[in-house]
Amino acid sequence: MSEFEFLLLALAKWKTLGALSVAFVVILYLSIRRVVAGGIFDPMMLTLVAGYSVNYAVVALLYLNDLASGYLTLLVFAYGLTLIGVYRRVSRGHGRSSLLAAVWAVAPRSRGPTAFAISLGIYLLLSLYVISSIGFGIFSETNRFDAAAGFGSYIRVLDLLSPFIVGYSTLHIHAQRRRRRVKIAGLALFIGYAAMVSGAKISVILSLLTVFFTLSLVVPNLRVRATVAIPALVAGVAFSMLALSINLERNNIDESASATDLAGAGFVVERFLYRLIASGDTSYLLLPNDVIDRIATDSAWIRFAAPLVGTGNITNLLGYPVGDYSVGRQAVLYHDPSFDVFGGPTSHFDLFAYVYFGPFLGWFFVALLGWLLGTINRAVVTVKARMRAPINTYGVALLVTVWTRAVLMIVEPTVALAYLFDAFLYFGFLALVLPSARSHARAHPQRAGDQLQPAT
């Protein structure tokens, strides 16, 4: 089923699609609300509840219209139940968190200011280099992935450092009252700058979510006033609309034209709504007519190695376009083999598991992802339960970074795992070049142990 064909179906069945989306929002929210640390501000709420609810609505709509087989539909929902079930079970585990012990070991509070200064400096230098080479991501001619071809390693570093800088800055502003308005303005400036560099339409929303999520870990029963929440939401949506408008203009699409399908909506608004529906794009491209069983694949090992080594590097090494064999990219190429713009839909954890491991081993892979997500989430929950002054700003900011990257496993597991590898590689390296960080951890083993014990 092509994108155009599904959009026609979505327009014809918009009431059903809308009702299904709302239903899955409620179901997914109720399934995780008691285990997430950040409440509605938790990154899992955006990725799973807000994003994947649309995908599940798309899958259900396809099945109800006899466009997806009962077997594949059941498999998608069974994988989802497995992921959430394992995630919930592990999140509620007891005992010492080895992950939290590792975070505390490499990120003691005393070295936070130095690590932050180094990270901010690296971010600014790398971002200026990227801008001078390929420009701001928001002004990409085609899409930000195509524009960033050859600069993937730099973009990965920027994507890693951005949530850390935002999280650390938030904690610093919360703890230090001096010149708070100036610091908030500086953080807002950084968020805007990072969004321009990235070009991701959801960038501002993700950064603001990181701010509120970080605060939710250190502020008991966090309540965000409407005077703060509404402007933040408006700013996030406004940037998304601006980025989409610029993208349409750069691709010579007349954004001033009136909407062709949604009566009373502007062209940009119409395209924005289509972007929301696109949360299920891989599903509607692959599930109808069992297309998923006919797409080309390579090795699962190569899928995991490509984000780590670099798609361009491994392509040169192996002699074929490795980037074309991600599940999302194959979904596009199946319907349009001549599509030569880099990038494509995300692979989705369930479809990736089925394609590269088969239905049975894929179930184990999904369970493994659920275990990993639950392990990280348990560390975050433990930190919130045991939070007390003085706050380990460095350690909490690192954990926030890890969690905001980890939740991406739901939409692109191989890339998310590469982000986690980057996080521990980078911050582990900082622990080595800042030796006092390790000596501080050894000098206060009892204090570290007390902080790591879960609340009872």
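The values are calculated or read from the model by the stated rules, or taken from the named source; none is laboratory data. The structure displayed is predicted, hence computed values, not measured ones. Methodologically, a virtual Cβ is constructed for each residue, glycine included, from the backbone with ideal geometry; neighbour enumeration extends over all protein chains shown. Ligands, DNA and RNA are stripped out before the accessible areas are found, and what is left, the full protein with its side chains, is counted by its heavy atoms. Shrake-Rupley method; radii C 1.70, N 1.55, O 1.52, S 1.80 Å.
A few remarks follow.
- Candidate set from the range 400-441 (those that are out of contact with any His (no Cβ under 9 Å at 6 or more places or on another chain), β-branched (Val, Ile, Thr) and more than 26 Å from Gly121 (Cβ to Cβ)); member that is modelled with the highest pLDDT: Val407
- Scanning the range 275-325 for residues that are without any contact (Cβ under 8 Å) to a residue 40 or more places away in the chain and in contact with a helix residue (DSSP H, G or I) (Cβ under 7 Å, 6 or more places away or on another chain) yields Ala296, Asp298, Ile302, Ala305, Ile314, Thr315, Pro321, Val322, Gly323, Asp324.
- Test set (1) free of Cβ contacts under 8 Å to residues at least 60 places away in the same chain; (2) under 18 Å from Val25 (Cα atoms); (3) within 23 Å of the chain's Cα centre (by Cα) - Leu126 fails condition number: (2)
- Among the criteria (1) touching a Ser or Thr at 6+ places or on another chain (Cβ under 7 Å); (2) surrounded by fewer than 16 Cβ atoms within 10 Å (Cβ to Cβ), the one Ile230 does not fulfil is (1).
- Ala12 vs. criteria modelled with pLDDT of 95 or more and open to solvent by 20 Å² or more (accessible area, probe 1.4 Å): no
- Reported count of residues in the range 194-227, each being assigned to a helix (DSSP H, G or I) and buried (at least 16 other Cβ atoms within 10 Å of the Cβ), is 21.
- Residues of the range 384-403 satisfying the condition of being under 16 Å from Phe41 (Cα atoms) and open to solvent by 10 Å² or more (accessible area, probe 1.4 Å): Lys384
- Selection status of Val332, at pLDDT 85 or above and either among the aromatic types (Phe, Trp, Tyr) or within 25 Å of Gly51 (Cα to Cα) (or both): yes
- Count of residues meeting criterion [of a type in the set (Phe, Trp, Tyr) and not in a helix (DSSP H, G or I)] in the range 285-331: 1
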